[in-house]
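S.K.: Can you read through this structure? Questions will come right after.
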Amino acid sequence: MNKKVLVLCLLGVFICSSTWAQRKLISEVDSLYQTLNDKERVGQLFMVYVNSDKESDPNEIDMLIIKYYLGNLLFSTGTPEAQLKLTNRFQALAKIPLAIGMDAEWGLAMRLRNVLKFPWNMTLGAVQDMGLIKELGFRIGLHCKRIGVHINFAPVVDINTNPLNPIIGNRSFGSSAEEVTKRALAFSKGLDSAGVLAVAKHFPGHGDTEVDSHLALPKVAHSEDRLRQVELYPYEKLIKGGLEAVMVAHLSVPAFQKSKPDVPASLSKEIIQDLLRKELGFKGLVVSDALNMKGATASTGKDVALEAFLAGNELLVFPADYKKSFTSVLMAYRKGIIREKQMANAVKKILQLKLDNDLFKNRIVEEANIYNDLSSPQDFILNEKLIEKSITVLKNENNDIPFSPSTKIVYVPLGDSDHQTFLKTLNFYGAIEKVELHNGVDENDLDKLSKAEQIIVGFHKSNINPYKSHKWSKQDLKSLDVLQKWSAKKALILFSKPYSLDEIPIIENFDQIVMSYQNSEIAQSKTAQLLFGAFASEGRLPVDINSIFYQGMGLETIALKTISLSFTPEIAGFSSKKLAKVDSLVNIGLDSLMFPGAQLVVGKNGKIIYHKSFGYHSYAKQTKVKWDHLYDLASVTKIAATLPLLMNEVQNGELQLSDSLSTLIPALVKSEFANQTISSALSHYGQFPAGIPFYKETVNEKNLDPLDSHYAREQSESFPLKVADDLYIIDKMADRILNQITQAKAVSKEYIYSDLPYYLIQYYLETKHKTSLENLVKDLLYVPAGFYRIGFNPNNWYTKQKIIPTVIEKKFRKQKIQGFVHDKGAAILGGVAGHAGLFSNSLELYKLMQMYLNGGTYADKKYIEAKTINDFNTCYYCTMGVRRGVGFDKPQLEDSGPTCGCVSSESFGHSGFTGTYVWADPEKELVYVFLSNAIYPEGNNTYLLRSNLRTRIQQAIYDAILE
């Protein structure tokens, strides 16, 4: 058969089939309507208020359904579980299935507890990606369907041109008719694709009012031209786009109500029949706003529901007295006041809605797994994206945003709401000092402010609902004035309605201004991330504020190669459910007394998706482990301190991996290790013995008490190095250690793990640069990269209560070792050694490992060349059965080893005796950090090592990766 003929035939069949289906549906509605008696028809017009809290009496609703033929319900506050149970109960009672409506403008959270809160419309007004708005409508539609809701009284299409509007405000997409319309169209299409009826509101426009129509009748006094250009613009476009339902507001609009200007629009034929129906050509369902509102009831002594229906409303929402209104409408219908045509048109639309939702066959909704279904990963991912895309940078002098992680920053919280998530996330990127100004400033605060290079002011207002005030208090404004005394650059970050911008006294006082719209935890976290370059800013101001801040305003910032944090593992390609096994494994470790506490971080593609602390500092369970507490890293020091320094030497041409150790340290010329190369030594293939107990020459051979010849209880020139509290050692230990190594005997040519080469590398670096390893790595990497929670001897620079104890030594130092290195060889060097001595939290180590994965770059600053990292991450002696790279541990060559066996051959990392482990995989772009004090309290607990728990956790992480 000719293809063209075939296509025409198929098209004809399709058209005939579609026409037949439409006729069948129309016929079904007509037939159904004919089966209804007058009471049943009237009942279909009403939607009565009910909530799943104890405010509503279910028995009363039962009675209205049975005796008064109630056709529809408007659900309000409560919980999804309780609402669904009531919905099913009421549906089972109804002869004709009920249509269920809800106000879910920003999702079910507008009315229900225990559900995800999507952003308010004003926040969405800053988002430029209409695909995300459509997806939001779709996700909200799915949520509605899941709990048996068929009508969502959204989107709000009011153009919020009045900052004093008491009821719309954050519920509006903004002050531009065009931008509001774009979002309303996208949102409505999303709802429609989920099978939920979108109802545009509040016709003809509630955006420029200063009266709440719940309390009185607002007046919109604009001219016809202005109303057509602004208020009516969205409706005209939405109707052309196929809008199926409109809610009419309780407003007075004299320009369109020539004969009765004081009648609410919801009761005005001029508004509904002349303007909406005839002029705008709307053929869909007309819905009244809640008929119990004062804006509707204050102007008439008649039954408002009857007046509303006669004016042209077809779905009568929330009458103050349903039984009275039912009777009034029924009597008017029987008397012919309501004509049959009007009744039939209205009822058939409602019946059509019920048929479209297949309610005559499937009205009962499954109640199991309701909360899981309402909190899918797709929902959380979308929520994150919307918040990210909304944040709006309004001022950015010298393009200082994103801030450098090395910048000295002070944070000043203002407003009346929580700021902890913002401050915590800021601290993920650097060491942020906090100063509270409300109670004045003390000497400590003055010192912080005087040293600051950047001050961040956070203005935090309530996120409970969109109606909360955005106003500045007198104290807040006074604090802004006080801050001008300091010369540091100043950033103002507003977690509030954008109208708060209009109250800033002097804009010029701020170098950066960022609008974040809401004070949710996710908004706080994402804003802090943006400030440090985790992602670029794309938001645009949705409303006109004044001549300085105008609708559409927004600056773009750049994204850096830094860390970012996600609340949803799926956003980085992990399964949340499978990743939960990590928690289970850690808890097994805690319950089995493998360790008293731990920190874990997991990230992929630079995005942290798992960041948790577990347990306590000790088995006494007095101090909980928190994210910023520090652990003794033990041998992880090798790759986190010594290796970056050595890489720097190599890439600067000072050394080559093939150089012999005697080239670095002439004292080794006559040793048995003279010809060992840097490569062989740090691959643990340099014939070094496993270790030498250097500290033993400093203690009594029998009881390990410190010898007076080597130690003192007070610090002095002769005893400068601190080994523990009230214990100091002589300054010649580095030379003595070198001497012992030069005299040591080489072992057979095979793989033997040894710390000795790292003593030598430390000796070389410190001798060459005439400063300590500690200072070298701080200056090269830690300080410029903003790694403020990693370093040697943390008792000198960190709060002791935040340092986790490693062991309790009964001999030698005879005290709890907290903030002093556990390794005795490192201890006698004053806590700074090439193989041990480093302390850190898990996040700082994650950043360092991510720097390696980034090819030596962090926050767009280059620290190490990618080629250099690759040279060190090469297994030069694999053919000899040695798995290691230069300094880096590598995956096992066969059987068991340092990893789960699930990592790529390019991966690298290291473990530490104290219970630490870090691993990075370039192939998966994955970093895993595990820190614990597993050897606590006596230093001999090897249960963690024997259990392979760290690599079992690694396996669980890889198992959670979505293919």
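Please treat every number below as a calculation from the coordinates, not as lab data. These numbers come from a predicted model, not from an experiment. Every residue, glycine as well, gets a Cβ built from its backbone with ideal geometry; the counts of neighbours run over all protein chains shown.
S.K.: How many nm is it between the label spots at residue 696 and residue 369, if each spot is 7 Å from the Cα in line with the beta carbon?
M.R.: Distance between label points: 6.3 nm.
S.K.: Here is a further query. Can you work out ³J(HN,Hα) from phi for every residue in the stretch 363-376, in order, using Karplus 6.51 cos²θ - 1.76 cosθ + 1.60 and θ = phi - 60°, giving whole Hz and x for Gly and Pro?
M.R.: 9, 8, 10, 4, 9, 6, 6, 4, 6, 4, 5, 8, 9, 6
S.K.: Name the shape class, rounded, prolate or oblate, that the alpha-carbon gyration tensor gives for the chain, where a ≥ b ≥ c are the square roots of its eigenvalues, rounded holds for a/c under 1.5, and otherwise prolate holds if a/b is larger than b/c and oblate otherwise.
M.R.: Verdict is prolate for the chain.
S.K.: On to the next question. Against the longest principal axis of the chain, how steep is helix 340-356, in degrees 0 to 90 to the nearest 10, with axes from Cα atoms?
M.R.: So the helix axis and the longest Cα principal axis differ by about 30 degrees.
S.K.: Tell me the net charge near residue 730. Cut-off is 14 Å between Cβ atoms, residue 730 excluded, with +1 for each Lys or Arg and -1 for each Asp or Glu.
M.R.: In short, -2.
S.K.: By the gyration tensor of its Cα atoms, with a ≥ b ≥ c the square roots of the eigenvalues, what is the shape of the stretch 391-560: rounded for a/c under 1.5, prolate for a/b over b/c, or oblate?
M.R.: Cα axes put the stretch 391-560 in the rounded bin.
S.K.: Using a cut-off of 9 Å between beta-carbons, work out the net charge of the residues near residue 295 (Lys and Arg +1, Asp and Glu -1, residue 295 not included).
M.R.: Computed value for this residue: -1.
S.K.: Could you tell me the calculated FRET efficiency between residue 221 and residue 622, based on Cβ-Cβ distance and R0 = 56 angstrom, to the nearest 0.05?
M.R.: Result of the calculation: an efficiency of 0.25.
S.K.: Too long at a 22 Å Cα-Cα cut-off: which of 561/924; 451/626; 189/283; 448/478; 867/924; 134/604?
M.R.: 451/626; 134/604
S.K.: Using only helices, what value at 222 nm comes out for the chain when you add -39,500 (n - 2.57) per DSSP H run of length 4 or more and divide by the total residues, to the nearest 500 deg cm²/dmol?
M.R.: -10000 deg cm²/dmol
S.K.: At a 10 Å Cβ-Cβ cut-off, how would you order 961, 391, 507, fewest neighbours first?
M.R.: Going from least to most buried by this count: 507, 961, 391.
S.K.: Same structure, new question: Step through the table entries 145/341; 471/526; 260/497, compare each Cα-Cα distance with 27 Å, and write down the pairs that go over it.
M.R.: With Cα atoms farther than 27 Å apart: 145/341; 260/497.
S.K.: Further, regarding this structure: What order do you get for 662, 268, 584 when you list them from fewest to most C-beta neighbours inside 10 Å?
M.R.: Least to most surrounded, the residues fall as 584, 662, 268.
S.K.: A further question on this structure: If you take the beta carbon distance between residue 509 and residue 128 as r and set R0 to 35 Å, what does 1/(1 + (r/R0)^6) give as a FRET efficiency, to the nearest 0.05?
M.R.: Plugging the Cβ-Cβ distance into 1/(1 + (r/R0)^6) gives 0.75.
S.K.: Put a dot 7 Å past each Cα toward the Cβ at residue 66 and residue 34; how far apart are the dots in nm?
M.R.: Between residue 34 and residue 66, the simple spin-label model gives 3.2 nm.
S.K.: Would you mind counting up the charge near residue 956? Only other residues with Cβ under 12 Å from its Cβ, with Lys and Arg at +1 and Asp and Glu at -1.
M.R.: Surrounding charge for residue 956 is +3.
S.K.: The stretch 42-75 to the stretch 886-945: how many Å between their Cα centroids?
M.R.: 62
S.K.: Using a Förster distance of 35 Å, how high is the FRET efficiency between residue 342 and residue 546, based on the Cβ-Cβ distance and rounded to 0.05?
M.R.: 0.15
S.K.: Next up: Could you give the angle, 0 to 90 degrees to the nearest 10, between helix 521-531's Cα long axis and the longest principal axis of the Cα atoms of the chain?
M.R.: 60
S.K.: Sequence neighbours fewer than 8 away in the same chain don't count; with that in mind, list the lysines whose C-alpha is under 18 Å from residue 638.
M.R.: 778, 824, 847, 890
S.K.: Hey, another quick one. To the nearest 20 debye, what is the magnitude of the charge dipole of the chain about its Cα centre, counting +1 on the Cβ of each Lys and Arg and -1 on the Cβ of each Asp and Glu?
M.R.: 2260
S.K.: Say each of residue 952 and residue 797 gets a label point 7 Å from the Cα, pointing the same way as Cα to Cβ; how far apart are those two points in nm?
M.R.: 3.7
S.K.: Full extension from residue 670 to residue 77: what is 0.36 nm times the residue separation minus their Cα-Cα distance, to one decimal in nm?
M.R.: 205.1 nm
S.K.: Now for a different question. In whole percent, what relative contact order does the stretch 564-624 give with Cα contacts below 8 Å and a gap of six or more residues?
M.R.: 32
S.K.: Another question, then. Just need the relative contact order of the stretch 391-560 here, percent rounded to a whole number, with Cα pairs under 8 Å and 6+ apart.
M.R.: So the answer I get is 32 percent.
S.K.: Treat the count of other C-beta atoms within 10 Å as a stand-in for reagent exposure and order 594, 331 from fewest to most.
M.R.: Arranged by neighbour count, lowest to highest, 594, 331 become 331, 594.
S.K.: Give me the angle, in degrees from 0 to 90, between the Cα long axis of helix 576-591 and the longest principal axis of the Cα atoms of the chain, rounded to the nearest 10.
M.R.: 50
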